[in-house]
Amino acid sequence: MTGALAREPELGAAEYKAIAGILHDAARITLGEGKVTLVQSRLGRRLRQRGLSGFRDYLRLVQEDPDERSTMVAALTTNHTHFFRESHHFDHFRSDVLPELKARAGRRPLRLWSAGCSSGEEVYTLAMCLLGESRGAAKWALEGDVRLLATDISPPVVAATRQGFYPEAATKAVPPIYRDLWMEEVEGGLQMTADVRGLVSARELNLFGEWPIRRRFDVIFCRNVMIYFDDRAKAELERRLVDQLQPGGTLYIGHSERLVGEAQTLVRPCGHTIYRKAGDLP
Ligand SMILES: C[S@@+](CC[C@H](N)C(=O)[O-])C[C@H]1O[C@@H](n2cnc3c(N)ncnc32)[C@H](O)[C@@H]1O
């Protein structure tokens with residue numbers, strides 16, 4: 001192949017603007033300035049897979065084909081995550097929230113949500129903290145009505161969450177006691193044990209679409225997701241998240257995020273980027 005043929009297809013300003021518009025309409029993600037190279041390389045791969053030589057043809061395809069539109073949106077999401085990310089949240093969960101949940105176990109269902117879960121490290125960190133340091137002590141959760149929901153707009157990362165497989169290097173931050181109990185060695189890495197995976201339901205969900213969710217949550221983690229949205233979208237999402245929390249439920253957001261809208265009046269801060277909804281947990 002000649003050098004000229006190997007180059008990424010050119011992404012002109014008009015096509016970039018159209019792609020940014022589709023991404024905003026679909027997921028409310030705002031593509032800032034200077035993301036041309038990122039878009040070009042992430043979608044360039046897709047153009048090649050579809051046998052297309054230019055972005056104009058790709059845009060035509062995206063406009064005609066909703067599946068390709070979803071693929072494009074997923075390709076443009078940023079899925080960076082890791083186990084025990086912002087570990088102070090998990091310390092707070094273990095010390096302040098978990099005892100309250102345990103006190104309610106057996107009396108009513110307990111529900112936790114990782115909204116914008118990426119490849120699952122967040123929800124499995126939460127699950128391991130919930131289960132703790134011995135199988136015996138985890139019985140209340142493993143045998144009780146306890147579920148963790150993990151959702152993301154990107155189908156490949158939802159599939160990865162469901163699989164719960166991680167290369168060894170990705171599990172370095174997991175304390176050995178949790179690794180020994182809740183992960184098992186498989187070819188090429190570690191997989192969450194079947195009972196931990198069994199606690200987690202991984203689903204595709206656009207946070208700006210319908211939420212086919214019946215119950216309220218005791219805990220919601222929505223971290224490092226809102227950074228991609230403008231203030232209007234943030235305010236709308238925060239309000240919906242708080243509405244979906246039980247009274248007394250806890251919301252964790254990312255380290256560089258803050259509540260910007262009405263939701264601020266419905267919660268009180270109880271730690272760095274940790275908020276508790278007014279009222280007492282039922
Ligand atoms: C940077 S990751 C954060 C993962 C994890 N919460 C953490 O803090 O490590 C952001 C995730 O939000 C998801 N996301 C972005 N916009 C979304 C939307 N409108 N609906 C659902 N998920 C979305 C992306 O696909 C991505 O996996």
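For Ala103, the conditions (1) more than 23 Å from Val225 (Cβ to Cβ); (2) touching a residue at least 40 places away in the same chain (Cβ under 8 Å) are fulfilled apart from (2). Just the residues that are over 23 Å from the mean Cα position of the chain (by Cα) and either part of a loop (DSSP other than H, G, I, E, B) or on the phi > 0 side of the Ramachandran plot (or both), please, taken from segment 267-281. Residues satisfying the conditions are Ala278, Gly279, Asp280, Leu281. Applying the selection to segment 223-247, what residues are within 8 Å of the ligand (Cβ to nearest atom) and not in a helix (DSSP H, G or I)? Passing the criteria: Arg223, Asn224, Val225, Phe229. Residues of segment 241-263 that are open to solvent by 70 Å² or more (accessible area, probe 1.4 Å) and in contact (Cβ under 8 Å) with a residue 24 or more places away in the chain: His255, Ser256, Glu262.
Number of residues in segment 149-182 that are open to solvent by less than 10 Å² (accessible area, probe 1.4 Å) and more than 16 Å from the ligand (Cβ to nearest atom) equals 2.
Whenever a residue of segment 201-213 is more than 18 Å from Leu112 (Cα to Cα), its partners that are near the ligand (Cβ under 9 Å from one of its atoms) and at pLDDT 95 or above, lying with C-beta atoms within less than 6 angstrom and at least six residues away or across chains, give the pairs Phe208/Arg28.
Within segment 149-170, identify whether any single residue is among the small types (Gly, Ala, Ser), touching a helix residue (DSSP H, G or I) at 6+ places or on another chain (Cβ under 8 Å) and under 27 Å from Arg104 (Cα atoms), and answer yes or no. Within segment 149-170, one or more residues are among the small types (Gly, Ala, Ser), touching a helix residue (DSSP H, G or I) at 6+ places or on another chain (Cβ under 8 Å) and under 27 Å from Arg104 (Cα atoms).
Taking the criterion of being surrounded by 14 or more Cβ atoms within 10 Å (Cβ to Cβ), among the aliphatic types (A, V, I, L, M) and more than 12 Å from the ligand (Cβ to nearest atom), the residues of segment 67-113 that qualify are Met72, Val97, Leu98, Leu101, Ala105, Leu110, Leu112. Checking each residue in segment 114-148 for being over 15 Å from Arg223 (Cβ atoms), touching a residue at least 24 places away in the same chain (Cβ under 8 Å) and either open to solvent by 20 Å² or more (accessible area, probe 1.4 Å) or within 16 Å of the ligand (Cβ to nearest atom) (or both) picks out Ala127, Met128, Glu133, Ser134, Arg135, Trp140, Leu142, Gly144, Asp145, Arg147.
The values are calculated or read from the model by the stated rules, or taken from the named source; none is laboratory data. No experiment lies behind these values; they were computed from the predicted model shown. Quick reminder, even Gly has a Cβ in these numbers, built from the backbone with ideal geometry, and neighbours come from all protein chains shown. Note: accessible area is taken over every heavy atom of the protein model, side chains too, but ligands, DNA and RNA are not part of it. Shrake-Rupley method; radii C 1.70, N 1.55, O 1.52, S 1.80 Å.
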